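Inspection log for the structure reproduced underneath, given as structure tokens.
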Amino acid sequence: MTFYIGRNNDNDLKLASPSVSGEHARISISDDYQSYVLEDLDSTNGTYINGQPVAKKELSKKDKIILGKEEIQSEKLFKELKSFIHNKRTDFSEEFSTLQMLERSFQKDKDKANKFFKIKSAALRLAVTVGIMLIVGQFTPREYRIYLMGGIGLIGTVISTLSMSEGRLRNKIEDLTVEFMSSFSCPKCEMELAGKSWKYWKSKKNCPKCKCTWVKEN
Ligand SMILES: [Zn+2]
């Protein structure tokens, strides 16, 4: 992938300054999108990185880049490059495959919460049982009643602790769901995918909206 910079309209980054040539420089982007090599295209006023004139040099995020007399903020340039790559790229199969893990961990968290609710209802049933025992306890021998009372106190504590964390857990599940819905989306166009399973989308192979590749054909 190549990114062009200059004064002409057909550049990927257009600079209006008269000191910048029509086709001033280009940036070659490596196949893994990790390295960017800036190359001057025989411009009239030259290209400078950190004060040094350059013909060709790999860019780093802290470089001070000047084309002609125009300084380009490297932060802004790297942002431009990122969105350029995002728009040009069609293969998002790697990112798409990570969505499966996302779906799995969301399911796991939800199952964990449901398990908690089951434990809670079991505890409530136990409390009711103890309550009944208390009534029946009127008829149990005096020496056993002390254990019964202690047991009731303990159950009460357990239940109030459980109901407190139930509220927190409900909030947590809500947060998890919101987070899942926003991240379970097409890696390119961010179309929401949460309505259907990862497996379903996998069978489509491409995004129906932006047409990017989710699953590579063998
Ligand atoms: Zn898409």
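Here, each number is a calculation from the coordinates, and none is a lab measurement. Everything numeric in this text was worked out from a predicted model, so none of it was measured. Neighbour counts run over all protein chains shown; Cβ positions are idealised from the backbone, glycine included.
Residue by residue, the range 142-154 carries 3J(HN,Hα) couplings of 3, 5, 8, 4, 4, 5, 4, 4, x, x, 5, x, 4 Hz when phi is fed to the Karplus relation 6.51 cos²θ - 1.76 cosθ + 1.60 (θ = phi - 60°); x denotes Gly or Pro.
Using a Gaussian network model of the chain in which every pair of alpha carbons under 10 angstrom is joined by a spring, one finds that among Tyr144, Tyr33, Tyr200 the greatest mean-square fluctuation is at Tyr144.
Here r is the Cβ-Cβ distance between Val37 and Leu176 and R0 is 41 Å; the resulting FRET efficiency, rounded to 0.05, is 0.45. Semi-axes of the equivalent ellipsoid for the chain, computed as √(5λ) from the eigenvalues of its C-alpha gyration tensor and ordered from largest down, come to 66, 21, 12 Å. Within the listed set Phe184, Phe78, Phe106, the Gaussian network model of the chain (springs between alpha-carbon atoms below 10 Å) gives the highest mean-square fluctuation for Phe78. Just checking the listed ones, Met101, Met133, Met181: in the Gaussian network model of the chain with Cα springs under 10 Å, the one fluctuating most is Met133.
Would you kindly state the longest site-free stretch of the chain, with sites defined as trypsin sites (Lys or Arg not before Pro) in a DSSP loop (not H, G, I, E, B) surrounded by at most 14 other Cβ atoms within 10 Å? That would be 70-195.
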